[in-house]
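Have a look at the structure below before the remarks.
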Amino acid sequence: MSIIGGMEYGIMNSASLCIHHSMMTNKIFGGIYNTGILFANNNTFDNIKTSATRTEHYPYHIKNHDPYMEVVNNVFSNIGHFSSNTHAVWSDATAYIAHNEFINTNYSAIRIGKLNCKDDEFLPDNLVEYNYFHHTAEWIDERKQIGFQDSGDIYITPNNRKATVRYNTILNCGGLGKNIGIYGDDGAYNMDIYCNIIFDTENYYDIDCRDGSKKGENKWTIPRSKHLSTNNFIAYNVCNGYLRMQENKNNELKATGCKYINNFIVGSRTPKGNDITDLVNLQKKRRKAIIRVNRIEDILPLVK
């Protein structure tokens with residue numbers, strides 16, 4: 001089945017939808033907008049102007065309204081031409097995103113988590129695993145004309161019950177601006193980021209988990225029981241660039257629950273300032289958080 005859209009989205013779903021073995025293109029607007037349950041597998045999304053798939057928990061305060069998205073074994077290519085805030089897969093509800101290929105995506109390939117959420121019960125659980133991201137030289141040159149800020153191939157917004165990002169491969173994420181492989185923005189918390197491979201990120205960090213509390217936790221709406229930049233586990237990632245891993249700097253917060261273990265930096269690129277900054281509880285463990293090796297082969301004896 002081929003779907004050629006000409007509306008704001010080619011498909012609008014508020015009930016339950018399974019789409020598979022289809023080809024979707026929409027040069028004017030977006031692909032699929034979902035507020036119900038969406039299963040998308042073995043599809044090709046190509047040359048879509050804005051976001052290819054979006055699941056929105058709206059209105060999130062209604063009881064028993066629990067949207068879900070499962071996106072598996074799809075190919076996303078040429079998503080978001082010259083557009084900001086566009087994503088191949090965008091969900092602020094619970095999502096499972098796995099075994100997809102992303103080629104040439106603007107701003108972010110995947111965006112998960114809620115930007116604002118007052119209630120614990122509406123926090124999403126997200127699992128992103130076994131995805132492959134890469135971009136052509138022509139697409140990177142196109143991105144340089146836009147100059148994105150705050151962009152990442154995998155972009156995690158602050159509020160998640162759990163955001164797990166594992167076993168993904170991200171190659172040549174680039175362009176002009178702050179291009180990041182995996183980005184936990186504005187104090188994202190409850191993140192498990194481990195066993196990812198990230199190589200050749202231009203201009204900025206391979207993994208960036210920055211402290212949002214320094215701007216004041218009231219900047220974003222979060223549940224009262226939560227704190228920004230807490231309970232993050234960053235481990236066993238393999239990169240050849242720079243990492244930034246920060247904890248909540250609130251002096252009254254005695255334990256942040258963050259753990260940084262055995263992240264491998266391959267090669268001899270000059271460090272950009274401190275690889276790990278603003279740690280509260282892990283000053284004595286800095287040397288174990290990042291391990292520098294000359295070659296990929298040098299990692300194997302260290303993980304046995």
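Keeping to segment 100-125, report how many residues are crowded, with 24+ Cβ neighbours inside 10 Å, on the phi < 0 side of the Ramachandran plot and in contact with a Phe, Trp or Tyr (Cβ under 8 Å, 6 or more places away or on another chain).
10
Of the residues I170, I180, I154, I193, which is in a strand (DSSP E or B), over 24 Å from H57 (Cβ atoms) and at pLDDT 90 or above? Show your work before the answer.
Working: I180 fails: at pLDDT 90 or above; I154 fails: over 24 Å from H57 (Cβ atoms); I193 fails: over 24 Å from H57 (Cβ atoms).
Exactly one residue qualifies, and that residue is I170.
For segment 1-24, enumerate the residues that are at pLDDT 90 or above, over 17 Å from Y58 (Cβ atoms) and surrounded by 13 or more Cβ atoms within 10 Å (Cβ to Cβ).
I19, H20, S22, M23, M24
Only residues in segment 200-218 that are of a type in the set (S, T, Y) count as the first member; pair them with residues that are surrounded by fewer than 19 Cβ atoms within 10 Å (Cβ to Cβ) and modelled with pLDDT under 85, Cβ under 6 angstrom, at least 6 apart or cross-chain, and list the lot.
Y204/K178; S213/K249; S213/N250
The values are calculated or read from the model by the stated rules, or taken from the named source; none is laboratory data. Keep in mind that this is a model prediction, so the values were computed, not measured. Virtual Cβ from ideal backbone geometry, glycine too; neighbours counted across all protein chains shown.
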